[in-house]
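Please read the structure below before turning to the comments.
The values are calculated or read from the model by the stated rules, or taken from the named source; none is laboratory data. The model shown is predicted, which means the values in this text are computed figures rather than measured ones. Here the Cβ positions follow ideal geometry from the backbone for every residue, glycine too, while neighbour counts run over all protein chains shown.
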């Protein structure tokens, strides 16, 4: 009773949020997809990779190709992992490089538009060698995954499969016990959904 009377004049204030939890949230490691528009000239890719390696930033996937022939522009898609602060530093440092025209964090743009991720696809060539039941099962599973036969003879298949990264990885793991010989992957190409460009 005394406790109740003592608290009547003083509003109960909850303790402030712990700074530890704020720091922990900011330091959470996340994966982001960056799209970088650059001049298509020799040495550009080496400079960008050098920026990552010199600062210890990790590249999970990297694809590059000329996308605007008349303007001699190439688009580099980089998937990198780090804390939000590190990823922001990467973006700022890329923007300061001379041959770089534009850097877009596709993951952030996707979140702003209400999507979990940007539209991402990867192509893989998967070679599987085997005969008998293993051969039949490999062909059946490839069809279920929507993989095409790019090359074949009596002892092997080379499957061509396109899709999200987790689909590619699942297909490769399933082919493992059926005679997986070799895998070649393109890396991820990505862009955001909607009518707007980069």
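Tabulated data
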item: Any pair with Cβ under 6 angstrom, 6 or more apart, that starts in segment 171-193 at a residue that is within 15 Å of residue 158 (Cα to Cα) and ends at one that is part of a helix (DSSP H, G or I); result: 171/145; 174/141; 178/134; 178/137; 178/138; 179/134; 183/172
item: Condition check for residue 187: within 24 Å of residue 62 (Cα to Cα), outside the structural domain of residue 74 (by TED's automatic domain parsing) and surrounded by 14 or more Cβ atoms within 10 Å (Cβ to Cβ); result: yes
item: Residue, surrounded by the fewest Cβ atoms within 10 Å (Cβ to Cβ), within segment 156-177, restricted to residues that are farther than 26 Å from residue 64 by Cα and touching a strand residue (DSSP E or B) at 6+ places or on another chain (Cβ under 6 Å); result: 156
item: Single unsatisfied condition, residue 60 versus (1) touching a strand residue (DSSP E or B) at 6+ places or on another chain (Cβ under 9 Å); (2) at pLDDT below 90; result: (2)
